[in-house]
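The values are calculated or read from the model by the stated rules, or taken from the named source; none is laboratory data. Please read all numbers here as calculations on a predicted model, not as lab measurements. Please note: Cβ atoms are built from the backbone with ideal geometry, for glycine as well, and neighbour counts cover all protein chains shown. For the accessible areas, the whole protein counts, side chains as well, though only heavy atoms, and no ligand, DNA or RNA atoms are used. Shrake-Rupley method; radii C 1.70, N 1.55, O 1.52, S 1.80 Å.
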Amino acid sequence: MESGFKYRDVISITDFNRKDLELLFDRANTLEQYSKSRLRLLENKVMALAFFEPSTRTRMSFETAMKRLGGSTIGFTSEEAISIAKGETLGDTIRMLDAYSDIIVIRHRLEGAAKYAAEVASVPVINGGDGKQHHPTQAMIDLYTIWRIKGGIDGLTYGVLGDLKYARTSASFTLALGLFRPKKIYLISHPLLKMRENVKRYLRSRGIEFEEVERADDVIEELDVLYVTRIQKERFPDPSEYEKVKGTYIVNMRLISKAKSDMIILHPLPRTEEIDRKIDTTPHAAYFKQARWGVPIRMALLTLIFDVEV
Amino acid sequence: MSKELIVSKIRNGTVIDHIPAGKALTVLRILGITGREGVMVAIVMNVDSKKLGRKDIVKIENRELTAKETDMIALIAPTATINIIRDFMVIEKRKVVVPSVVKGLLKCPNPTCVTRIEPIETVFETISTNPLILRCVYCGSELGLEEVETQLVSSIT
Ligand SMILES: [Zn+2]
């Protein structure tokens, strides 16, 4: 079947539509059972992992997905990237990888690096995170987790909590929700960490109801899904301000006691103290499943990009 | 008193009319006109306009604008009209159009945008003309009218 993914770059989640994502979810669902197998679907394909910035999870997840499909990987670590970057432009590095591989996954500290790489490369480029901007495959995993557990994305009430300004995962997740018909989105953050204007404008343009609030306590009862991201101390000009507010954005048993019994909590991981470990064993915790489904989603994405039947 | 009585006609050159009131000097700066060029430049500010209420007008002798200059004026004075004058006659009337894509003209305000580090021409998409909002296609950062004006003026002088 012809899909919107065939030989396409994956730069931003908004490059795709609802139909594309539903196709991806169906494919991932099929592939879940093979996430510990070695298939031979991409036997002759080489993936270049261009991780200019360290990210063990994302890198290992892509590598595992490629190898489970029978493909192989090449790449460099962030330390090697430093020496490559010396005296060579990003464009030249990408041209080299373009010559060696069939697909490039790039992680880079600069916003727009993946888009630029895609302009330079002839092979498809997947954005594995560019600065504080996009992380589309993470958003795919996030939505898949909801789709798998809740049976769909539409009609639910969402809370996005934490660092909405700098965390690319919260932005990508919110943009991704804009491709569906959520009932309402609560953007829950400290005033200094409010969602970026361009994301809000996007929601408005899609006619999606959202509200910015400061406290999770005020809306927790309404939520079907709570998406949590880490707040970094560095984001606050005054460290004492951080100490004051961090408690407000910690998800603990007291907060959860007011939630619907089937409310689920997502987190892109790694987490620090923003989710109390006591929650891990409750039915609310969906973040470990979310992490596990990173491999089947990326396997599904690769099979769709390379247009192989499963 | 009509504006024609304040400022005489020019033989050859450009008349930029319907500039939003108060923006005439910015337009001149963007065109790099300091007044030391020796050509006649007339500036009329805050005159009555049926369309705009108040407007500015700039007349420049012996100068025809390039496409790039027209684009720059469109960004900061989208209501402007440009009349090319030859031998006291208007030979061409152009309405400026805010370009849908602005290439190479502006710098991205985001210090960690790939265009700030790598040798890449900037590309901005116009996502709104009133108020003016341009968005960097690489990093999504937005530029408003004030920032665009500041950049265009400082890129010339
Ligand atoms: Zn930019």
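Here's a check for you: in region B:119-128, which residue that is surrounded by fewer than 17 Cβ atoms within 10 Å (Cβ to Cβ) and facing chain A (nearest Cβ under 10 Å) is farthest from B:H18 (Cα to Cα)? Going through the qualifying residues, I end up with B:P119.
When B:V137, B:V97, B:V101 are checked against the criterion of being at pLDDT 95 or above, surrounded by fewer than 20 Cβ atoms within 10 Å (Cβ to Cβ), more than 11 Å from the ligand (Cβ to nearest atom) and under 30 Å from A:E119 (Cα atoms), a single residue qualifies: B:V101.
Just to be sure, is A:L223 touching a helix residue (DSSP H, G or I) at 6+ places or on another chain (Cβ under 7 Å) and surrounded by 15 or more Cβ atoms within 10 Å (Cβ to Cβ)? Spell out how you get there, then give the answer.
Working: touching a helix residue (DSSP H, G or I) at 6+ places or on another chain (Cβ under 7 Å): no; surrounded by 15 or more Cβ atoms within 10 Å (Cβ to Cβ): yes.
For A:L223, the condition - touching a helix residue (DSSP H, G or I) at 6+ places or on another chain (Cβ under 7 Å) and surrounded by 15 or more Cβ atoms within 10 Å (Cβ to Cβ) - is not met.
Number of residues in region A:153-170 that are modelled with pLDDT under 95 and either under 17 Å from A:H108 (Cα atoms) or assigned to a strand (DSSP E or B) (or both): the value is 4.
Does B:I82 satisfy being surrounded by 12 or more Cβ atoms within 10 Å (Cβ to Cβ), away from the ligand (no atom under 16 Å from the Cβ) and not hydroxyl-bearing (S, T, Y)? Spelling it out, B:I82 is indeed surrounded by 12 or more Cβ atoms within 10 Å (Cβ to Cβ), away from the ligand (no atom under 16 Å from the Cβ) and not hydroxyl-bearing (S, T, Y). Under 6 Å by Cβ, and 6 or more places apart or on different chains, what pairs join a residue from region A:278-307 that is in a helix (DSSP H, G or I) with one that is surrounded by fewer than 14 Cβ atoms within 10 Å (Cβ to Cβ)? Final answer for the pair search is A:K278/A:M253.
I need the full set of residues from region A:10-21 which are of a type outside the set (F, W, Y) and in contact (Cβ under 8 Å) with a residue 60 or more places away in the chain, in order please. Listed by number, the residues that qualify are A:V10, A:I11, A:S12, A:I13, A:T14, A:D15, A:N17, A:R18, A:L21.
All of B:V114, B:V96 fail the test of being touching a helix residue (DSSP H, G or I) at 6+ places or on another chain (Cβ under 6 Å) and more than 14 Å from chain A (Cβ to nearest Cβ), apart from B:V96.
Would you say B:V47 is assigned to a strand (DSSP E or B) and surrounded by 12 or more Cβ atoms within 10 Å (Cβ to Cβ)? So B:V47 passes the test. Of all residues in region B:129-149, those that are within 11 Å of chain A (Cβ to nearest Cβ) and aliphatic (A, V, I, L, M) total 2. Residues to consider are B:E125, B:E147; find the one that is assigned to a helix (DSSP H, G or I), among the acidic types (D, E) and within 15 Å of the ligand (Cβ to nearest atom). None of the other options fit; the residue is B:E147. Within region A:188-208, identify whether any single residue is outside any strand (DSSP E or B), touching a Pro at 6+ places or on another chain (Cβ under 8 Å) and over 23 Å from A:E241 (Cβ atoms), and answer yes or no. Scanning region A:188-208, I find at least one residue that is outside any strand (DSSP E or B), touching a Pro at 6+ places or on another chain (Cβ under 8 Å) and over 23 Å from A:E241 (Cβ atoms), so the answer is yes.
Note on region A:257-274: among residues that are at pLDDT below 95 and not basic (K, R), the one that is most open to solvent (accessible area, probe 1.4 Å) is A:E273. Taken together, B:T115, B:T70 contain a single residue that is free of Cβ contacts under 8 Å to residues at least 40 places away in the same chain, of a type in the set (S, T, N, Q) and closer than 30 Å to A:G87 by Cα, which is B:T115.
Exactly one residue among B:K55, B:K50 is in contact with a His (Cβ under 9 Å, 6 or more places away or on another chain) and closer than 11 Å to B:H18 by Cβ, and that residue is B:K55.
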